[in-house]
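*Asks:* Input: one structure, supplied below.
The values are calculated or read from the model by the stated rules, or taken from the named source; none is laboratory data. Not measured: the values here are computed from a predicted model. When we count neighbours, we look across all protein chains shown, and the Cβ atoms used for this are built from the backbone with ideal geometry, even at glycine. Accessible surface areas use protein heavy atoms only, side chains included; no ligands, DNA or RNA. Shrake-Rupley method; radii C 1.70, N 1.55, O 1.52, S 1.80 Å.
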Amino acid sequence: MTREIIIAPSILAADFARLGEEIAAIDAAGADWIHCDVMDGHFVPNISYGADIIKAIRPLTARIFDVHLMIAPADPYLEAFAKAGADVITVHAEAGVHLDRSLQAIRALGKKAGVSLCPATPEAVIEYVLDRVDVVLVMTVNPGFGGQSFLESQLGKIGRIKTMIGDRPIRLEVDGGITRDNAAAVAAAGADTLVAGSAVFRGKSSADYAANIAAIRVAAEAGRVPKLQDVSGRPTRFGEAALIR
Ligand code: DX5
Ligand code: ZN
């Protein structure tokens, strides 16, 4: 199934002193989802922010809040993030023993459930929970910091997870080091939801952010071109009408 590309700016790269204005700016700039990176200094070697910050910014935009929990344990905090206004709550497969239970708990809170995999984690860990997830998040850097370099090693994993997903209504998200230069490659591999922090919050104005988001979106859509054919079966560049769904 081909799904429209979603761009999810990570506010980890925003100016925290002007966080409210930054949310308004990426909303106006065409962000589809707002990606919120929660780090605990235990599961990952950095501390970011928690549910109170998410609650404070929630009224500033109607966009989907995509909350990426890099915390262990995650289960005791799921309700707090649900109440704070998360729409998607993603836990790491490596963060607890009972992934199936965590995913059930997120859905029981009425939220979309996501599972994330660190770069060294093989895709087999999600084989038996695929019917419990709405989002699979492939980390394309080691989680903990923004501004790291994209790991090419993850392209094969993205492709294999795309095949595992099949026709299920699951979004395949990538996070870490995503730029306009590698967006085509991740989309060609099967990603349909792209997180980007430093590549979006470059420049100062909403217009800069809009140009950055648009460049990533255009590159990702172009990356899908090999999967497009015109009526003669030849690949086309922008053959939307002939998109294979
Ligand atoms: C990394 C976070 C990412 C990060 C992305 O641990 O999960 O969301 O903020 O930032 P960039 O796009 O700068 O790699
Ligand atoms: Zn993230």
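*Asks:* Indicate the gyration tensor shape class of the stretch 1-52 (rounded, prolate or oblate), computed on the Cα atoms with a ≥ b ≥ c the square roots of the eigenvalues: a/c under 1.5 is rounded; otherwise a/b larger than b/c is prolate and the rest oblate.
*Replies:* Details: a/c = 3.12, a/b = 1.32, b/c = 2.37.
Judged from the Cα gyration tensor, the stretch 1-52 comes out oblate (a/c at least 1.5, b/c at or above a/b).
*Asks:* If you don't mind, another one. Taking 0.36 nm per residue of sequence separation and subtracting the Cα-Cα distance, how much length would be gained by fully extending the chain between residue 125 and residue 148, in nm to one decimal? The partial results should precede the final answer.
*Replies:* Details: separation 23, 0.36 × 23 = 8.28 nm, distance 2.49 nm.
So the extension gain works out to 5.8 nm.
*Asks:* Additional query: Cα gyration tensor of the stretch 78-210, axes a ≥ b ≥ c as square roots of the eigenvalues: rounded (a/c below 1.5), prolate (a/b > b/c) or oblate? Intermediate results must be reported in sequence, preceding the final value.
*Replies:* Details: a/c = 1.83, a/b = 1.28, b/c = 1.42.
It comes out oblate by the Cα gyration axes.
*Asks:* Please check which bits of the stretch 108-152 a label hung off residue 46 would reach, taking the label as a point 7 Å along Cα-to-C-beta and the cut-off as backbone N under 18 Å.
*Replies:* 116-120, 138-152
*Asks:* To continue, here is another question. Per residue, how much accessible surface does the stretch 6-237 expose to a 1.4 Å probe? Answer in Å², no decimals. Present the calculation step by step, with values, prior to reporting the outcome.
*Replies:* Values: 9900 Å² over 232 residues.
Normalised by residue count, the accessible surface of the stretch 6-237 is 43 Å².
*Asks:* Based solely on its DSSP helices, what 222 nm [θ] is calculated for the chain when runs of n ≥ 4 H residues each add -39,500 (n - 2.57) and the sum is averaged over all residues, nearest 500 deg cm²/dmol?
*Replies:* Working: 7 runs with 71 residues, N = 245.
The per-residue figure over the chain is -8500 deg cm²/dmol.
*Asks:* At 7 Å along Cα-to-Cβ for each site, give me the label-to-label distance between residue 19 and residue 3 in nm.
*Replies:* Inter-label distance under the simple model: 2.7 nm.
*Asks:* Here's another thing I want to ask about it. GNM on the chain, C-alpha springs below 10 Å: top fluctuator among 137, 117, 151?
*Replies:* In this elastic network of the chain, the residue with the biggest mean-square fluctuation among 137, 117, 151 is 151.
*Asks:* Next question, about the same structure. If you take the square roots of the eigenvalues of the alpha-carbon gyration tensor of the stretch 6-237 and sort them as a ≥ b ≥ c, do you get rounded (a/c under 1.5), prolate (a/b over b/c) or oblate?
*Replies:* Working: a/c = 1.66, a/b = 1.12, b/c = 1.49.
Cα axes put the stretch 6-237 in the oblate bin.
*Asks:* Next question. Cβ under 14 Å from residue 40's Cβ, residue 40 left aside: what net charge do those residues give with Lys, Arg +1 and Asp, Glu -1? It would help to have the intermediate numbers written out before the result.
*Replies:* Values: positive: none; negative: 37, 75, 94.
Once positives and negatives cancel, what remains is -3.
*Asks:* Where in the stretch 119-155 does the amide nitrogen come within less than 19 Å of the point 7 Å from the Cα of residue 167, taken along Cα to Cβ?
*Replies:* The answer is 130-134, whose backbone nitrogens lie closer than 19 Å to the label point.
*Asks:* What is the spin-label model distance, in nm, from residue 72 to residue 218 if the labels are put 7 Å beyond Cα along the C-beta direction?
*Replies:* 4.2
*Asks:* List the lysines whose Cα sits under 18 Å from the Cα of residue 162, skipping any in the same chain fewer than 8 residues away.
*Replies:* 227
*Asks:* Can you name the helices of the chain, as whole DSSP H runs, whose Cα span along the helix axis is 24 Å or more and whose Kyte-Doolittle mean is not below -1.0? Working shown, then result.
*Replies:* Values: long enough: 206-223 (25 Å, 0.56).
The qualifying helices are 206-223.
*Asks:* Translational diffusion coefficient of the stretch 120-172 at 25 °C, 0.890 mPa s, Stokes-Einstein with Kirkwood Rh over Cα pairs, in µm²/s as a whole number. Mind showing how you got there, number by number?
*Replies:* On the way: Rh = 12.0 Å.
Calculated translational D: 204 µm²/s.
*Asks:* Separate question: Given a cut-off of 22 Å, name the pairs among 111/204; 55/111; 83/111; 112/204; 83/157 whose C-alpha atoms lie farther apart than that in the structure shown.
*Replies:* Details: 111/204 33 Å; 55/111 15 Å; 83/111 10 Å; 112/204 32 Å; 83/157 33 Å.
Violating the 22 Å Cα-Cα cut-off are 111/204; 112/204; 83/157.
*Asks:* At a 1.4 Å probe, what is the % contribution of carbon and sulfur to the accessible area of the stretch 6-237? Walk me through the intermediate numbers first.
*Replies:* Numbers: 5460 of 9900 Å².
For the stretch 6-237, the apolar C and S fraction of the accessible surface comes to 55 percent.
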